[in-house]
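Student: Here it is, the structure in full.
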Amino acid sequence: MRVVELTGETTTDLKLLEKGQLIISTPERWDALSRRWKQRKYVRKISLFIVNELHLIGGQGGAVLEVIVSRMRYISSQVENKVGIVALSTSLASAKDLGQWIGATSHGLFNFAPCVRPVPLDIHIQG
């Protein structure tokens, strides 16, 4: 398997995208590359999209995460080979909502309670 990491230089990244089987990218870099997805056949050939730290969607930089996930869902609806989406996050109170948003079925949604952590988690509520 050929793993490539996008650099931020568009010409280089397009060549890497063509050669890679596993592409590592920042959300911002993927946003820039996938904007013109109709003209970039290697973006259209993505079969699995893994997004990490989805819990950051409500914070700084969250808008970019929202855009790239929404765009990949749209691309999936427009191409012959559907794109699978795997979203990784810390435990979420709204996991079902996020799962529905990315198109996950109830069988494909895993949200682990804090009690299953290998290191105990202390929860403090300030109000």
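The values are calculated or read from the model by the stated rules, or taken from the named source; none is laboratory data. Predicted model only: the values in this text are computed from it and were never measured. All Cβ positions, even for glycine, are placed from backbone atoms using ideal geometry, and neighbour counts span all protein chains on display.
Student: Suppose we filter Thr7, Thr11 for residues that are surrounded by fewer than 17 Cβ atoms within 10 Å (Cβ to Cβ), in a loop (DSSP other than H, G, I, E, B) and among the polar types (S, T, N, Q); which single one remains?
Tutor: Of the residues listed, the single one that is surrounded by fewer than 17 Cβ atoms within 10 Å (Cβ to Cβ), in a loop (DSSP other than H, G, I, E, B) and among the polar types (S, T, N, Q) is Thr7.
Student: Now for a different question. Would you mind stating whether Ser89 is under 13 Å from the mean Cα position of the chain (by Cα), surrounded by 12 or more Cβ atoms within 10 Å (Cβ to Cβ) and either at positive phi or assigned to a loop (DSSP other than H, G, I, E, B) (or both)?
Tutor: The answer is yes for Ser89.
Student: In the stretch 106-123, is there at least one residue being surrounded by 17 or more Cβ atoms within 10 Å (Cβ to Cβ), of a type outside the set (Asp, Glu) and either farther than 24 Å from Arg44 by Cβ or out of contact with any Gly (no Cβ under 9 Å at 6 or more places or on another chain) (or both)?
Tutor: No - not one qualifying residue is present in the stretch 106-123.
Student: To continue, here is another question. Is it true that some residue in the stretch 50-60 is at pLDDT 90 or above and more than 21 Å from Leu6 (Cβ to Cβ)?
Tutor: No: the stretch 50-60 contains no residue that is at pLDDT 90 or above and more than 21 Å from Leu6 (Cβ to Cβ).
Student: When you check Ile50 against the structure, is it β-branched (Val, Ile, Thr), outside any helix (DSSP H, G or I) and either in contact with a strand residue (DSSP E or B) (Cβ under 8 Å, 6 or more places away or on another chain) or in contact (Cβ under 8 Å) with a residue 24 or more places away in the chain (or both), yes or no?
Tutor: In short, yes.
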